[in-house]
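The values are calculated or read from the model by the stated rules, or taken from the named source; none is laboratory data. Keep in mind the model is a prediction, meaning the values are calculated, not measured. Backbone-built Cβ (ideal geometry, glycine too); neighbour counts: all protein chains shown.
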């Protein structure tokens with residue numbers, strides 16, 4: 001391995017960071033999908049349901065007011081009903097106007113435009129009933145309302161049903177997307193946690209095994225050196241701090257081996273010099289012994305001469 005230990009640990013931590021960042025980005029994406037789905041439901045589907053119900057209510061109220069206008073005989077009541085019809089038309093138009101800004105789907109916009117067109121068509125087709133109703137010609141007024149206007153009213157009702165169905169389908173789709181996003185985030189979280197645990201355990205195992213093997217090799221090496229084997233060498237396979245330590249240990253043992261060899265050579269030289277000194281001392285001792293013997297011999301000779309002299313002196317005295 002060409003990385004140092006710090007790089008190995010940083011790399012292992014980096015893997016976990018990458019996993020965390022990857023999950024974070026994925027979670028942000030899923031959260032955006034979840035937000036988009038829930039926001040669509042809150043700002044479009046729910047208001048759409050309310051508006052469709054309002055349009056349906058206004059449409060039914062308008063139709064009932066027209067029938068009341070035909071059946072009533074009071075001019076005052078007719079005036080009130082006509083004012084109510086005008087208010088209903090205004091409310092219907094205002095509901096569509098309020099809904100228009102939140103429409104984001106082309107199909108939904110087509111349904112809204114179709115609803116508005118059919119509503120205007122129904123108003124035009126049924127408008128002539130007022131004159132007959134005011135004149136008391138109930139049969140003609142009913143004929144107008146049940147004539148061309150009736151199919152248009154039914155078509156308008158069908159359009160609202162289709163719009164409601166579309167709205168319900170959109171809500172179901174958005175809820176499904178939100179649920180899928182939540183499930184995806186949940187499963188991804190579980191997957192990332194499991195993967196992080198696996199990576200952490202694997203990295204810890206590999207690094208500990210790597211370090212343990214090298215330390216065991218170094219301990220065995222140190223034991224052999226302690227026993228006096230200075231020829232042993234390590235074979236570092238990594239290019240990190242542990243590998244550098246192995247190279248330094250090899251250099252240390254090599255220097256110890258060289259120093260030991262120098263000591264042996266110096267010891268041999270000292271031994272040889274000591275032997276020479278001992279030989280010289282022995283020679284000097286032998287010479288001293290010879291000189292001592294000569295001195296003793298000389299002393300004995302002197303004693304003999306003196307004894308002879310003393311004897312000669314005594315003889316001369318006699």
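So for the stretch 177-190 (the condition being more than 30 Å from residue 109 (Cα to Cα), surrounded by 12 or more Cβ atoms within 10 Å (Cβ to Cβ) and free of Cβ contacts under 8 Å to residues at least 12 places away in the same chain), does at least one residue qualify? No, every residue in the stretch 177-190 fails to be more than 30 Å from residue 109 (Cα to Cα), surrounded by 12 or more Cβ atoms within 10 Å (Cβ to Cβ) and free of Cβ contacts under 8 Å to residues at least 12 places away in the same chain. Only one entry in 135, 155, 141 is at pLDDT 85 or above, surrounded by 16 or more Cβ atoms within 10 Å (Cβ to Cβ), over 50 Å from the mean Cα position of the chain (by Cα) and over 30 Å from residue 14 (Cα atoms), namely 141. Exactly one residue out of 150, 209 is surrounded by fewer than 17 Cβ atoms within 10 Å (Cβ to Cβ) and either modelled with pLDDT under 85 or under 26 Å from the mean Cα position of the chain (by Cα) (or both), and it is 209. Does residue 6 count as at pLDDT below 85, loosely packed, with under 13 Cβ neighbours inside 10 Å and in contact with a helix residue (DSSP H, G or I) (Cβ under 9 Å, 6 or more places away or on another chain)? Criteria met by residue 6.
Here's the yes/no breakdown for (1) modelled with pLDDT under 90; (2) in contact with a strand residue (DSSP E or B) (Cβ under 9 Å, 6 or more places away or on another chain); (3) assigned to a helix (DSSP H, G or I); (4) more than 23 Å from residue 173 (Cα to Cα):
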site: 11; (1), (2), (3), (4): yes, no, yes, yes
site: 18; (1), (2), (3), (4): yes, no, yes, yes
site: 25; (1), (2), (3), (4): yes, no, yes, yes
site: 51; (1), (2), (3), (4): yes, no, yes, no
site: 56; (1), (2), (3), (4): no, no, yes, yes
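Look through 254, 291 and report the one residue that is modelled with pLDDT of 70 or more and either surrounded by 12 or more Cβ atoms within 10 Å (Cβ to Cβ) or not in a helix (DSSP H, G or I) (or both). Steps first, please.
Values: 291 fails: either surrounded by 12 or more Cβ atoms within 10 Å (Cβ to Cβ) or not in a helix (DSSP H, G or I) (or both).
Result of the check over 254, 291: 254.
Applying a threshold of 6 Å to beta carbon distances and a minimum spacing of six or more residues, or different chains, the list of pairs starting in the stretch 226-250 at a residue that is in a loop (DSSP other than H, G, I, E, B) and ending at one that is surrounded by 13 or more Cβ atoms within 10 Å (Cβ to Cβ) and modelled with pLDDT under 70 reads 234/246; 236/243; 236/246; 238/1; 240/4; 240/5.
Number of residues in the stretch 97-141 that are part of a helix (DSSP H, G or I), under 30 Å from residue 165 (Cβ atoms) and touching a residue at least 60 places away in the same chain (Cβ under 8 Å) equals 4.
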